[in-house]
Amino acid sequence: MDLQSLLTDIARETAPVLGEGKVADYIPALASVDPRRFGLALATMDGQVLGTGDWQTPFSIQSISKVFTLALVLARDGEALWDRVGREPSGNPFNSLVQLEYEKGLPRNPFINAGALVVTDRLISLRGNASTELVSFLNAEAGAGAAHVDEAVAASEAEKGHRNAALAHFLASHNRLVNPVDTVLQAYFDQCSIAMTCEGLAQAALFLANHGLRADGTRLFSRSEAKRVNSVMLTCGTYDAAGDFAYRVGLPGKSGVGGGLLAILPERGVLCAWGPALDSHGNSVAGVEALDRFTTKTGWSVF
Ligand code: GLN
């Protein structure tokens, strides 16, 4: 199969939906991005990295960071994390407060904001500076300079982060955080503010397609842990649209409000799409469209 032509065809076929949806506007750095940007990258297990459109333009990875913090905690702490966060789809928006109250501060899964705050809290306990740890992992996998915290975005996240602060304080009120609320929030805002390209993200996530093996051939975690992260991505990675995403794309996927969308092709590679205009669930309209087209054309899904 000519993968480069395939990506180019998909970009052309996705063009009609570019601009459909709405860019995240809670901070200026996201609100000012052109909704018609589009990139698509594929990193394969045999070392190819292909792409089309804006695949080498950095964007704010936002909630895609949650995949990597989860992986780093599981790698160092094993299954103990699951006493503090569930692994069921929430059926609610990613920043919802209500479910957390009903469920006494036990977040449904690591990919909604409440769950990610708990995962970040654990990473701070394990490693000290969670975002430094995360950035160095991403750079180790995708190449030096592939990832950095955009400090201006991080400052805006903190300034406008009232809902996340509410979630963190609510978690703390149920004794679900070990570190100070402000420390956890700062680390969470930093991880959301990491800037990367489709190319870099696709490379950084290859360990999930490769049963836990890192770029340098060492093992991050077991084959079972890689399967588990992929499973939680499939069921929870696109929030209250995870069912629709599984139906359309048939791959473990993780979105972010910067418009990025990562999808794992086990034993084949990783896809990353970027289209800043989002649907009402916070998933990239063009990203889902492109990945739908990719798995439909290739038949490369997990089903
Ligand atoms: N920074 C965003 C938030 O915390 C990330 C959410 C997302 O990408 N879905 O709400």
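One chain, two ends: Thr296 and Glu88. Fully extended at 0.36 nm per residue, the span grows by 72.2 nm beyond their Cα-Cα distance.
Within the listed set Asp25, Asp83, Asp150, the Gaussian network model of the chain (springs between alpha-carbon atoms below 10 Å) gives the highest mean-square fluctuation for Asp83.
Protein heavy-atom surface of the stretch 149-303, 1.4 angstrom probe: 49% of the accessible area is carbon and sulfur, with nucleic acids and ligands not counted. Between the alpha-carbon centres of the stretch 42-76 and the stretch 144-172 there is a gap of 19 Å.
Counting only the Cα atoms, the stretch 62-135 fills a convex hull of 84 Å³ per residue. Calculated mean residue ellipticity, 222 nm, the chain: -13500 deg cm²/dmol, from DSSP H runs (n ≥ 4) at -39500 (n - 2.57) each, averaged per residue and rounded to 500.
Starting from the Cα of Ala215, move 7 Å in the Cα-to-Cβ direction to define the label point; list residues of the stretch 108-132 whose amide nitrogen is under 18 Å from there. Hits in the stretch 108-132 for Ala215 at 18 Å: 132. Looking at the chain, the accessible area is 39 square angstrom per residue; that uses a 1.4 Å probe and ignores ligands, DNA and RNA. For Lys104, the lysines whose Cα comes closer than 28 Å to its Cα, not counting residues fewer than 8 places off in the same chain, are Lys66, Lys160, Lys254. With 0.36 nm allotted per residue and the present C-alpha distance subtracted, the Asp77-Leu3 stretch has 22.9 nm of extension available. For the chain, the relative contact order works out to 28 percent when only alpha carbon pairs closer than 8 Å and six or more residues apart are counted. With 0.36 nm allotted per residue and the present C-alpha distance subtracted, the Lys227-Glu103 stretch has 42.0 nm of extension available. For the chain, a crude dipole built from +1 on the beta carbon of Lys and Arg and -1 on the beta carbon of Asp and Glu, taken about the Cα centre, is about 580 debye to the nearest 20.
Sorting 7-13, 183-189 by their mean Cβ neighbour count within 10 Å, with the most densely packed peptide first, gives 183-189, 7-13. R0 = 25 Å: FRET efficiency of Thr44 with Tyr247, Cβ-based, nearest 0.05? For Thr44 and Tyr247, the calculated efficiency is 0.50.
Ordering of 103-115, 256-268, 159-171 by packing is 256-268, 103-115, 159-171, highest average first (other Cβ atoms within 10 Å, averaged per residue).
Just checking the listed ones, Asn210, Asn129, Asn175: in the Gaussian network model of the chain with Cα springs under 10 Å, the one fluctuating most is Asn175. Give the residue from Ala152, Ala165, Leu177 lying farthest towards the positive end of the charge dipole for the stretch 121-186; charges sit on Cβ (+1 for Lys and Arg, -1 for Asp and Glu) and the dipole is referred to the Cα centre. Farthest towards the positive pole: Leu177. On a per residue basis, the convex hull of the C-alpha atoms belonging to the chain measures out at 108 Å³. When you restrict to C-alpha pairs under 8 Å that are six or more residues apart and normalise by the size of the stretch 153-284, the relative contact order lands at 19 percent.
Centroid-to-centroid, using Cα positions, the stretch 268-302 and the stretch 173-242 are 18 Å apart. Sorted into 10 angstrom bins from 0, the C-alpha pair distances of the stretch 177-235 split as 20, 32, 39, 10 percent.
The values are calculated or read from the model by the stated rules, or taken from the named source; none is laboratory data. All values derive from a computational prediction rather than experimental measurement. We place every Cβ from the backbone using ideal geometry, glycine too, and count neighbours over all the protein chains shown. Heads up: the accessible areas ignore ligands, DNA and RNA and are worked out on the full protein's heavy atoms, side chains in. Shrake-Rupley method; radii C 1.70, N 1.55, O 1.52, S 1.80 Å.
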